[in-house]
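Please read the structure below before turning to the comments.
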Amino acid sequence: MNKNELIKKAYELAKEQYAALGVDTDAAMKKMGELAISLHCWQTDDVSGTENPDGQLSGGIQATGNYPGKARNIAEITADLEKVMSLLPGKQRVNVHALYGDFSDGMVDRDAISVKQFQGWIDWCKKMGIGMDFNGSFFSHPKADSGFTLSSKDEEVRKFWVEHLKRSREIANEIGKQLGTPCVLNTWIPDGSKDTPVDRNGMRAQLTKSLDEGFATEYPKENMKDAVESKVFGIGAESMTVGSHDYYLGYAIKNNKLICLDNGHFHPTEVVGDKISSCLQFVDEVLLHVTRPIRWDSDHVVTLNEEVQLIASEIVRNDFMKRVNVGLDFFDASINRIGAYVVGTRAAQKAFLIAMLEPTKTLVELEEAGQNFERLAMLEELKTMPFAAVWDYYCLQEGVPTGADYIAEIQQYEKDVLSNR
């Protein structure tokens, strides 16, 4: 019996076991079609970008490690992404930062960028049949060296970044228009103070003024959606960040924007999975940046841990799939970057499939009946259900490597492509 036959046989046995709990495994795999994970282009090159690849990364961001073979231009970035996508089941999108434009016709500063610098990305997405998301880049730039961008009290600096926000939104609108799927435009700034500030209110008033100006133009939601992202601290902004979670949640609710929840942007005891249903009481949609923080917002490769599982479970249990936009955000320069993508994305996908294999109706009935021992027992038993058999069969159906077979493919890609860079 070959490996594929063994996978099919194991799946049939797992299907029966899940059916005994009232779970339809075929329906769960079909539901995975509703999930499209946005792959962050910056894992290919450690957030170097194409604007100034040899520039110094700044803004509270740090990619550690020097693994060989990082992408050096858009052609290599897209080639790497194509390889990644060939090893993943399900649907993906691509998430691009503004510092990843095509500047082959000459350098264009961030307050002057247009769709011209990103038309190549749009054309590539058309070829791949995928959607595209976008981000303004408010870091790694001389006008961000002070530590303040949209919240700056220097009017020249503030206006520069407001214009960058406006240009980013124009580009996002055109991306969504051309691709026929909404582009999520995420706005994150590194603004904050290394030491204890006095005029916190003044900084936040400046940020509000800037956001109001930058968001003044309304674009069709079928083309683009605005999201705002908080952070608890950054390198050089340890004492206070202007765009805190409280600030942005209030701004998003008041102005009908998406709130971006990055699970690396909170204190260690805060769990993003618990925030999803709270935020969706008051905003239409949320954006997720799924990562793995270790001690600080170090953006490690996503693994299948309890926090990621809770995020997926909360979305599936509450039928939030159409209200949550799922993206990844990590940058590990210490290991094979293609491998990082595949391990991290598959981990997130596994969390969602596990959530879709949960007998939620039964668990809620136990909860509402006050049968908390039974609820706990059921949740514990689910942890050792034969999920791997369903996952392998799902990958087999999707025509991608099953189990650990992708490792050899990535090793071959490193030998044939990455080692020659």
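Nothing in this text is a laboratory measurement; each read-out follows from the coordinates by a stated rule. These numbers come from a predicted model, not from an experiment. Cβ coordinates were reconstructed from backbone atoms using ideal geometry, including for glycine residues, and neighbour counts include every protein chain displayed.
Once the Cα gyration tensor of the chain is found, what semi-axes does its equivalent ellipsoid get, as square roots of 5 times the eigenvalues, in whole Å, sorted largest first?
Values: eigenvalues 265, 140, 72 Å².
Gyration-tensor ellipsoid for the chain: 36, 26, 19 Å.
Can you compute the FRET efficiency between Thr384 and Ser146 using 1/(1 + (r/R0)^6), with r the Cβ-Cβ distance and R0 = 60 Å? Round to the nearest 0.05. Provide the component values of the computation, followed by the final result.
On the way: r = 54 Å, r/R0 = 0.89.
Working from the Cβ atoms, E equals 0.65.
Quick one: compute the contact order of the stretch 328-414, relative version, from alpha carbon pairs under 8 angstrom and 6+ residues apart, as a percent.
Details: 21 pairs, mean separation 22.8, N = 87.
Relative contact order here is 26 percent.
For Lys225, which sequence-distant residues (separation of 5 or more, or a different chain) have an amide H within less than 5 Å of its own amide H, given hydrogens modelled in the peptide plane?
Correct list: Cys183, Val184, Leu185.
Quick check: from the Cα gyration tensor, does the stretch 1-103 come out rounded (a/c under 1.5), prolate or oblate?
The shape class here is prolate.
Please go through the residue pairs Lys127/Lys221; Lys70/Lys350; Lys3/Lys361; Lys126/Lys231; Lys166/Lys194 and name each one whose alpha carbons sit more than 30 Å apart in this structure. If you can, show how the numbers build up before the last one.
Numbers: Lys127/Lys221 23 Å; Lys70/Lys350 27 Å; Lys3/Lys361 35 Å; Lys126/Lys231 33 Å; Lys166/Lys194 28 Å.
From the list (Lys127/Lys221; Lys70/Lys350; Lys3/Lys361; Lys126/Lys231; Lys166/Lys194), the Cα-Cα distance tops 30 Å for Lys3/Lys361; Lys126/Lys231.
Take the alpha carbon atoms of the stretch 330-387, find their center, do the same for the stretch 153-202, and report the distance between the two centers in whole angstrom.
Value for the Cα centre distance between the two parts: 34 Å.
Using 7 Å Cα-to-Cβ label points, what is the Glu398/Ala10 separation (nm, one decimal)?
1.6
List the aspartates and glutamates whose Cα lies under 18 Å from the Cα of Lys143, skipping any in the same chain that are fewer than 8 positions away.
Glu51, Asp54, Asp109, Asp111, Asp154, Glu155, Glu156, Glu163, Asp191
Given R₀ = 45 Å, FRET efficiency for Met107-Phe320 by Cβ-Cβ distance, to 0.05?
Values: r = 42 Å, r/R0 = 0.93.
Between Met107 and Phe320 the formula returns 0.60.
Per residue of the stretch 15-32, what does 6.51 cos²θ - 1.76 cosθ + 1.60 with θ = phi - 60° give for ³J(HN,Hα)? Whole Hz please, x for Gly and Pro, Karplus curve as stated.
4, 5, 5, 5, 4, 5, 9, x, 9, 9, 5, 4, 5, 5, 5, 5, 5, 4
Could you calculate the contour length gain from Asp123 to Val198, that is, 0.36 nm times the residue separation minus the distance between their Cα atoms, to one decimal place in nm?
Details: separation 75, 0.36 × 75 = 27.00 nm, distance 4.79 nm.
Separation in residues times 0.36 nm, less the Cα-Cα distance, equals 22.2 nm.
Hey, what angle do you get for helix 245-255 against the long axis of the chain, alpha-carbon based, 0 to 90 degrees rounded to 10?
80
Compute the signed sum of charges (Lys and Arg +1, Asp and Glu -1) over the other residues within less than 11 Å, Cβ to Cβ, of Ser193. Write down the numbers at each step before the final one.
Values: positive: Lys194, Arg200; negative: Asp191, Asp195, Asp199, Glu238.
Value of the local net charge: -2.
Quick one: which residues, 5+ away or cross-chain, put their amide H under 5 Å from the amide H of Ala237? H built at 1.01 Å from N.
So Ala237 has HN proximity to no qualifying residue.
Tell me, what HN-Hα J-couplings in whole Hz come from the Karplus equation 6.51 cos²θ - 1.76 cosθ + 1.60 at θ = phi - 60° for each residue of the stretch 365-373, using x for Gly and Pro?
4, 4, 4, 6, 8, x, 8, 6, 5
How far, in nm, would the chain grow between Gln281 and Thr362 when pulled straight, counting 0.36 nm per residue and subtracting the alpha carbon separation?
26.8 nm
For the chain, what is the relative contact order in percent, using Cα pairs closer than 8 Å and at least 6 residues apart in sequence?
Details: 736 pairs, mean separation 84.8, N = 421.
Relative contact order of the chain: 20 percent.
Going by the alpha-carbon gyration tensor, a ≥ b ≥ c the square roots of its eigenvalues, is the stretch 183-341 rounded (a/c under 1.5) or, if a/c is not under 1.5, prolate (a/b greater than b/c) versus oblate? Don't skip to the end; give the middle numbers.
Details: a/c = 1.64, a/b = 1.12, b/c = 1.46.
Taking the square roots of the gyration eigenvalues as a ≥ b ≥ c, the stretch 183-341 is oblate.
Of the listed peptides 294-304, 90-100, what is their order by residue-averaged count of other C-beta atoms within 10 Å, with the highest listed first?
Working: 294-304: 17.5, 90-100: 22.7.
The packing order, highest mean first, is 90-100, 294-304.
Subtract the Cα-Cα distance of Leu21 and Leu376 from 0.36 nm times their separation in residues, and report this length gain in nm to one decimal.
Full extension from Leu21 to Leu376 adds 126.3 nm.
If we sort 313-323, 37-47 on the protection proxy, mean other Cβ atoms within 10 Å, highest first, what's the order?
Details: 313-323: 16.6, 37-47: 24.5.
Top of the packing list down: 37-47, 313-323.
I want the local charge near Ser114. Using Cβ-Cβ distances under 15 Å, sum +1 for each Lys or Arg and -1 for each Asp or Glu among the other residues.
On the way: positive: Arg110, Lys116, Lys166, Arg167, Arg169, Lys177; negative: Glu51, Asp102, Asp105, Asp109, Asp111, Glu163, Glu170, Glu174.
Net charge in that neighbourhood comes out at -2.
Mind checking which aspartates and glutamates have their C-alpha under 15 Å from Lys383, skipping anything on the same chain fewer than 8 residues away?
Counting by Cα, and skipping residues close in sequence, Lys383 has these aspartates and glutamates nearby: Glu306, Glu307, Glu358, Glu374.
Can you give the angle from 0 to 90° between the axis of helix 74-86 and the longest principal axis of the chain, with both taken from C-alpha atoms, to the nearest 10?
20
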